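The values are calculated or read from the model by the stated rules, or taken from the named source; none is laboratory data. These numbers were taken from a predicted model, which means no experiment stands behind them. Counting neighbours? That spans all protein chains shown, and the Cβs are built from the backbone with ideal geometry, glycine included.
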Amino acid sequence: MEQRAGSFQKDNPAVGRFLKQRCTLLWHCFVTLGAAVYLQDGPDDRHAPGPLRLGRPTRHAASRLAAQIQVQARAKHNDGQKTVIITGASSGLGLATAKKLAQTGEWHVIMACRDFAKAELAAKNAGMSPANFTIMHLDLASMESTKQFARAFRASGRRLDVLVCNAAVYLPTAKEPTFTADGFELSVATNHLGHFLLVNLLLEDLKKAAAPRCIIVGSITGNTNTVAGNVPPKADLGELSGLVMGGTGQTASMIDAKEFDGAKAYKDSKVCNMLTMRELHRRYHDETGITFASLYPGCIASTGLFRNHVQLFRTLFPPFQKYITKGFVSEDEAGERLAQVVSDPRYNKSGVYWSWSRESGIFENEVSEEVSDAVKGERLWELSEKLVNLK
Ligand code: LMG
Ligand code: NDP
Ligand code: PMR
């Protein structure tokens with residue numbers, strides 16, 4: 001019977017998709033009602049125990065040049081300021097964090113962004129003083145751009161105190177995968193591989209700082225030990241077969257080499273982010289003194305991350321998070337949280353996944369079984385190294 005249903009769906013992919021979507025929807029309704037009852041007294045964090053070719057032309061070649069010229073012009077920087085690079089600082093969490101840190105005057109924020117003009121306008125609207133930030137071009141979906149960014153940063157002569165890997169894309173409604181120029185699926189390329197390459201290229205720079213930190217933004221939806229992490233499709237890297245295929249020059253749209261699912265690709269990329277942080281800690285913390293950490297900043301339901309979701313979702317999601325799960329945080333509050341992890345001397349513990357509860361504030365959270373799988377972390381590291389040509 002099951003087999004017949006399987007082959008029927010195979011022969012009729014549209015019907016299969018329709019059935020799958022209806023089932024997902026029914027599941028959402030069922031879980032929402034359950035969660036509404038279960039979560040009446042707080043967000044689910046309280047219960048937590050604790051080949052991918054885009055062929056995209058370099059849209060911003062002129063901006064990049066401008067950015068580099070700007071960096072060189074600002075090379076005579078204020079030595080009293082610490083430097084933090086924040087990827088994806090043109091909106092949402094990245095922008096809010098950049099604003100918080102810049103306004104202290106103690107930090108010079110490198111806003112590493114793919115859209116120079118957007119970042120410039122965002123910084124202006126946020127009231128950031130030009131003395132406290134520099135915009136540099138970085139397109140994480142391109143290995144060439146990432147390498148160029150690292151070179152340009154080094155050429156600026158700045159010390160690097162903290163690197164924040166924050167940028168991400170979420171493509172839940174995509175029916176087909178988009179491939180980057182390097183041949184990787186877009187969300188894994190941007191969220192994981194781009195950052196993986198960037199961290200590796202900037203490790204030498206980080207090592208030179210007095211109290212360096214490297215923060216990689218994770219998420220609750222990548223951790224299947226939570227209610228949010230159990231909303232289908234669930235994160236699951238499987239045997240990493242898609243990455244193995246990538247290394248052989250073939251194209252796989254998912255890390256587990258299964259059928260493309262944009263929402264899962266995002267959640268998988270978040271698992272990779274958290275596994276990478278833990279592997280960085282294991283490999284380099286003792287030797288370099290760098291603090292590696294990840295975090296779930298809360299559900300910032302109003303950011304641009306959801307720009308590609310269906311309109312109904314975008315309308316219902318913020319009130320759902322505010323009134324039902326109570327996991328909602330504003331961009332400003334989430335920015336405060338990330339700024340804390342970047343700069344507060346109390347939170348310099350390495351290898352940690354930070355979360356916040358309304359009642360008791362910041363705490364060290366536990367990650368899922370998959371995220372704590374050190375063997376998988378090491379394997380992911382080795383495969384990623386090959387894919388981004390570091391090995
Ligand atoms: C996505 O789903 C998949 O997640 C993704 O994996 C990918 O496959 C993608 O397109 C591909 O699809 C799509 C799905 C998202 O969207 C739809 O299918 C559109 C229809 C959504 C309809 C949701 C209706 C849910 C109804 C639940 C009713 C429960 C009411 C409880 C009320 C309790 C009151 C105390 O799925 C969603 O959009 C689900 C979104 C989750 C948020 C929905 C929550 C609705 C709750 C209503 C919020 C109202 C809040 C008011 C609060 C007032 C309190 C005073
Ligand atoms: P936004 O969409 O507001 O911010 C994402 C940023 O990433 C934007 O600045 C975007 O640039 C940038 N970006 C996207 N692609 C690239 C690329 N190829 N190269 C460089 N930059 C790029 O989303 P959020 O602020 O919500 O997301 C920030 C982080 O927080 C992500 O890591 C996300 O996974 C995480 N997170 C978010 C949660 C939420 O509820 N919102 C919950 C948990 C984690 P552009 O402006 O040009 O589009
Ligand atoms: Mg989720 C129980 C608490 C909780 C929390 C804290 C989140 C966070 N979500 C929770 C529950 C639920 N969500 C429930 C019960 C449902 C079924 C209705 C649900 C649904 C849902 C959808 C369809 N949630 C989502 C989506 C998305 O498309 C978002 C996503 O998965 O993006 C990858 C999302 C999120 N929920 C969250 C958070 C933080 C997100 C944004 C994801 C992220 O950045 O990781």
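Collect the residues in segment 222-268 that are of a type in the set (S, T, N, Q) and either more than 18 Å from Glu378 (Cβ to Cβ) or in contact with a strand residue (DSSP E or B) (Cβ under 8 Å, 6 or more places away or on another chain) (or both), keeping them in residue-number order.
Our first condition is that a residue be of a type in the set (S, T, N, Q); within segment 222-268, this holds for 223-226, 230, 241, 248, 250-251, 253.
Result: Asn223, Thr224, Asn225, Thr226, Asn230, Thr248, Gln250, Thr251, Ser253.
Considering each residue of segment 288-314, count those that are among the hydrophobic types (A, V, I, L, M, F, W, C) and more than 16 Å from the chain's Cα centre (by Cα), and give that number. Walk me through it before giving the result.
Initially, segment 288-314 is screened for residues among the hydrophobic types (A, V, I, L, M, F, W, C), giving 290, 292-293, 295, 299-301, 305-306, 310, 312-313.
Next, from what is left, pick out any that are more than 16 Å from the chain's Cα centre (by Cα): 290, 310, 312-313.
Adding up the residues that qualify gives 4.
Yes/no matrix, rows are residues, columns are (1) within 16 Å of ligand 2 (Cβ to nearest atom); (2) farther than 20 Å from Thr178 by Cβ; (3) assigned to a loop (DSSP other than H, G, I, E, B); (4) of a type outside the set (Val, Ile, Thr):
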| position | (1), (2), (3), (4) |
| --- | --- |
| Ala265 | yes, no, no, yes |
| Met277 | yes, yes, no, yes |
| Ala293 | yes, yes, no, yes |
| Ser350 | no, yes, yes, yes |
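Can you name the residue in segment 147-198 that is among the β-branched types (Val, Ile, Thr) and under 13 Å from the mean Cα position of the chain (by Cα) and is also farthest from ligand 2 (Cβ to nearest atom) among such residues? Spell out the reasoning first.
Quick first cut of segment 147-198, residues among the β-branched types (Val, Ile, Thr) only: 162, 164, 169, 173, 178, 180, 188, 190.
Keeping just the survivors that are under 13 Å from the mean Cα position of the chain (by Cα) gives 164, 169, 188, 190.
Values: Val164: 10, Val169: 5, Val188: 12, Thr190: 4 Å.
That would be Val188.
Taking the options Leu203, Leu198, name whichever one is out of contact with any strand residue (DSSP E or B) (no Cβ under 6 Å at 6 or more places or on another chain), buried (at least 21 other Cβ atoms within 10 Å of the Cβ) and either acidic (Asp, Glu) or part of a helix (DSSP H, G or I) (or both).
On the way: Leu203 fails: buried (at least 21 other Cβ atoms within 10 Å of the Cβ).
Among Leu203, Leu198, only Leu198 is out of contact with any strand residue (DSSP E or B) (no Cβ under 6 Å at 6 or more places or on another chain), buried (at least 21 other Cβ atoms within 10 Å of the Cβ) and either acidic (Asp, Glu) or part of a helix (DSSP H, G or I) (or both).
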Within segment 179-190, can you find the residues that are out of contact with any strand residue (DSSP E or B) (no Cβ under 9 Å at 6 or more places or on another chain) and not in a loop (DSSP other than H, G, I, E, B)?
Ser187, Val188, Thr190
What are the pairs with Cβ atoms under 6 angstrom where one residue, in segment 299-312, is under 16 Å from Val217 (Cβ atoms) and near ligand 2 (Cβ under 7 Å from one of its atoms) and the other, located anywhere, is in a loop (DSSP other than H, G, I, E, B) and of a type outside the set (A, V, I, L, M, F, W, C)? Sequence gap at least six, or different chains.
Cys299/Gly327; Gly304/Ser91; Leu305/Tyr170
Yes/no for Lys264 being surrounded by fewer than 23 Cβ atoms within 10 Å (Cβ to Cβ), under 19 Å from the mean Cα position of the chain (by Cα) and closer than 18 Å to Ser372 by Cα
no
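What residue, among those in segment 300-313 that are part of a helix (DSSP H, G or I) and more than 10 Å from ligand 3 (Cβ to nearest atom), is nearest to Val227 (Cα to Cα)? Let's see the steps before the verdict.
Kept after step one, since they are part of a helix (DSSP H, G or I), are these residues of segment 300-313: 304-306, 311-313.
So of that shortlist, the ones also more than 10 Å from ligand 3 (Cβ to nearest atom) come out as 304, 311-312.
Numbers: Gly304: 23, Gln311: 23, Leu312: 22 Å.
Selected residue: Leu312.
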Determine which member of the set Leu295, Leu275, Leu280 is out of contact with any strand residue (DSSP E or B) (no Cβ under 7 Å at 6 or more places or on another chain) and not aromatic (Phe, Trp, Tyr).
Leu275
Going by the conditions given, is Ser269 touching a Gly at 6+ places or on another chain (Cβ under 6 Å), hydroxyl-bearing (Ser, Thr, Tyr) and at pLDDT 95 or above?
no
The number of residues in segment 314-336 that are within 11 Å of ligand 2 (Cβ to nearest atom), within 15 Å of Trp354 (Cβ to Cβ) and assigned to a helix (DSSP H, G or I) is 2
Name, by its number, the condition in (1) under 28 Å from Glu204 (Cβ atoms); (2) buried (at least 21 other Cβ atoms within 10 Å of the Cβ) that does not hold for Tyr170.
(1)
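For segment 109-128, does any single residue satisfy the condition of being more than 16 Å from the chain's Cα centre (by Cα), part of a loop (DSSP other than H, G, I, E, B), of a type in the set (Gly, Ala, Ser) and more than 25 Å from Asp205 (Cα to Cα)?
yes
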If you check every pair at least six apart or on different chains, which have Cβ atoms under 7 Å apart with a residue in segment 161-173 that is more than 11 Å from Thr190 (Cβ to Cβ) first and a residue that is assigned to a loop (DSSP other than H, G, I, E, B) and within 16 Å of ligand 1 (Cβ to nearest atom) second?
Pro172/Asn308; Pro172/His309; Thr173/Asn308; Thr173/His309; Thr173/Val310
